[in-house]
Amino acid sequence: MKLKKVFFIVPLILLLGGITSCARNLRNLNDGTFIGSGVGRNGNIEVEITVTNGKIVAAKVLNDKETPEIAEEAKNEILQKFLTDGTTSQLDTLSGATITTNGLLDALDAAVAAAQGLEASDVSYHDTECDIVIIGAGGAGLVAATEAASKGAGVIVLEKQGVAGGNSNNSTGGINASYTKEQERLGIRDSKDVFFNDTMRGGQYLNNTALVHKLVDESARMVEWLQSPMIGADLSDVGMFGGATNKRIHRPKGGGAIGAHLIPLLHKAALKQGAEIRFNNRVVDIISKGGRAAGVKVRYKDKEYKIMAKSVIITTGGFGANPKLIEFYQPALAGFATTNNPGSTGDAFAMVEKFDAALVHMEQIQIHPTVVKGSGFMISEAVRGNGAILVYKNGTRFINEIETRNIVSGAVLRGKEKSAFLIFDQGIRDSLKVIDSYAKFSWMIEAPSIKELAEKAKIDPQALEQTVQNYNQSVELKRDDEFGRNPSSMERKIENAPFYAIEIEPAIHHTMGGLKINTEAQVINKAGNPIPGLYAAGEVTGGIHGAERLGGNAVADFCIFGKIAADSAVNYIRFK
């Protein structure tokens, strides 16, 4: 169950004859070779460019620590577009490799800056002040920045990594919402009460009911906010996810990954509304003034500076990439792989000790059942929601595939190999765009028949054929007598060649615990009182998801409470 890390050097070189424009102005380039660095998923990505007669003539990746199947695809595509277009400013990230491609773009931009004799950012940060400072440029931070700036607040967002998005970049599902216009358009019957009850049941009734009601009540309005011209998100596809009674996870057309679609839109919206985002700026402490959050201390390179602010919003994410904290709160999870990006280390918890901030549900840590074995890369729950089944190596099903993540993960781990296989066909692949990215990364075993698929995957062929036949009969009957699967997730038989298998294992995915907040996203102290000027949203908070988060509720959480935190902070400033 330990994460297998791969480190390698790629001598990838492209000749870039006569590039004349880049994200950074390419005038006044000095001749020579120059190195730039960006932050990838597993560490720094370094590139080298060569300038002759004031023009970039070659570029190569010096080294990185990215996963080979993803990194090779991403780097080749980005460098080829850099060659063809002569720019990094308008390049799209590769679905499923957002952090890798953003890191490479940052590295190229930094190398160009070095050729001009400039700092990568060309900014000298010093003590300053603003209305609202936001710690973290993940999904919650970008939503909060967009909303606060749109209301006229002066906003500075500080991100310790070199890219925006955090864990939200890797989100492949969507946003849960009930009683929406999209559901009505598609003839889906749902209600706030059913959404509330599903969330509470999934969280084993440990959830803070007031926070869950807020999540549910604001969900439809949040979908409309994301679809508004200010953001421009496509949330037209509505599907089934684990733990849900009805179809309510909203995602891009064709079932595309929500993170790769939404984060760039939020990033652009925040900047357009006037927020300033500073990358590679690590917040090391929150400043207290008379018990009020009054700003932050920041480290940029080898220097520290202060930003005084009228309010502070914490959106630093969870601690799923901090093995020490994971083991402290859940010793049984020591050594598990993680789907989290390297920035999810729980930095905020030490910063709020001076405020006597309360923490809640820190021991509630979710493992995701379908993570590519040995990689830490997650296969979307939507694959099961659209009809895939899970089998052990002996070829038999063993669980209702769209049960909550803890139940499915536990069932996988009870198997002899501690892993299992997702089985699906071309029809299911065609129904979900995100699956195409898995094919690019060679995660899928493919065969023209179930028997040949089983042989390739070293699954019992006879048993798998019988399992698929039995499941297809259940689809016809719209009734899963064996495991009680919801008929709404059984709309497709597994019958159209080619057929596919992905070997999966559970890995640490989400930390449900964190800072205690109220429905206004105010951080609460141990005495039960709001801490003046301090707000939080997203995975850094606790109480919303209880013991287990439903797929699709993370995006709902960070969007809804990110917006609430911004509105509360703006109101606090106005009436302070």
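The values are calculated or read from the model by the stated rules, or taken from the named source; none is laboratory data. Please read all numbers here as calculations on a predicted model, not as lab measurements. Positions of Cβ are generated from backbone atoms using ideal geometry, with glycine treated the same way; all protein chains shown enter the neighbour counts. With ligands, DNA and RNA removed, areas are computed over all heavy atoms of the protein, side chains included. Shrake-Rupley method; radii C 1.70, N 1.55, O 1.52, S 1.80 Å.
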Inset, instruction - Quick one: count up the residues across the range 475-495 that are over 24 Å from residue 249 (Cα atoms) and open to solvent by less than 20 Å² (accessible area, probe 1.4 Å). - result: 0
Legend entry - Selection status of residue 133, part of a strand (DSSP E or B), in contact with a strand residue (DSSP E or B) (Cβ under 9 Å, 6 or more places away or on another chain) and among the hydrophobic types (A, V, I, L, M, F, W, C): yes
Legend entry - Condition check for residue 257: in contact with a Leu (Cβ under 6 Å, 6 or more places away or on another chain) and among the hydrophobic types (A, V, I, L, M, F, W, C): no
Inset, instruction - Quick one: which residue in 233, 257 is under 30 Å from residue 427 (Cα atoms) and modelled with pLDDT under 95? - result: 257
Inset, instruction - Filter the range 284-326 down to the residues that are at pLDDT 95 or above and of a type in the set (Lys, Arg), then identify the one that is nearest to residue 515 (Cα to Cα). - result: 292
Inset, instruction - Among the residues of the range 384-402, write down those that are aliphatic (A, V, I, L, M) and within 16 Å of residue 246 (Cα to Cα). - result: 402
Inset, instruction - Identify, from the list 406, 394, the residue that is in contact (Cβ under 8 Å) with a residue 24 or more places away in the chain, over 22 Å from residue 492 (Cα atoms), of a type in the set (S, T, N, Q) and in a helix (DSSP H, G or I). - result: 406
Legend entry - Residue under evaluation residue 413, criteria (1) open to solvent by less than 70 Å² (accessible area, probe 1.4 Å); (2) touching a helix residue (DSSP H, G or I) at 6+ places or on another chain (Cβ under 7 Å), criterion not met: (2)
Inset, instruction - Would you be able to say whether some residue in the range 447-457 is buried (at least 21 other Cβ atoms within 10 Å of the Cβ), at positive phi and modelled with pLDDT of 95 or more? - result: no
Inset, instruction - Consider residue 324 carefully, then state whether it is free of Cβ contacts under 8 Å to residues at least 60 places away in the same chain and surrounded by fewer than 18 Cβ atoms within 10 Å (Cβ to Cβ). - result: yes
Legend entry - Selection from the range 346-383 of residues that are over 24 Å from residue 404 (Cβ atoms) and either open to solvent by 30 Å² or more (accessible area, probe 1.4 Å) or part of a helix (DSSP H, G or I) (or both): 347, 348, 349, 350, 351, 353, 354, 355, 356
Inset, instruction - For the range 532-550, indicate whether the set of residues that are crowded, with 22+ Cβ neighbours inside 10 Å, touching a Pro at 6+ places or on another chain (Cβ under 9 Å) and among the aliphatic types (A, V, I, L, M) is non-empty. - result: no
Inset, instruction - List the number of the failed condition for residue 504; all other conditions in (1) surrounded by fewer than 22 Cβ atoms within 10 Å (Cβ to Cβ); (2) in a strand (DSSP E or B) hold. - result: (1)
Legend entry - Evaluation of residue 254 against (1) buried (at least 19 other Cβ atoms within 10 Å of the Cβ); (2) at positive phi; (3) not aromatic (Phe, Trp, Tyr) (one fails), failing number: (1)
Legend entry - Among residues of the range 220-241, those that are of a type in the set (Gly, Ala, Ser) and touching a His at 6+ places or on another chain (Cβ under 9 Å), counted: 3
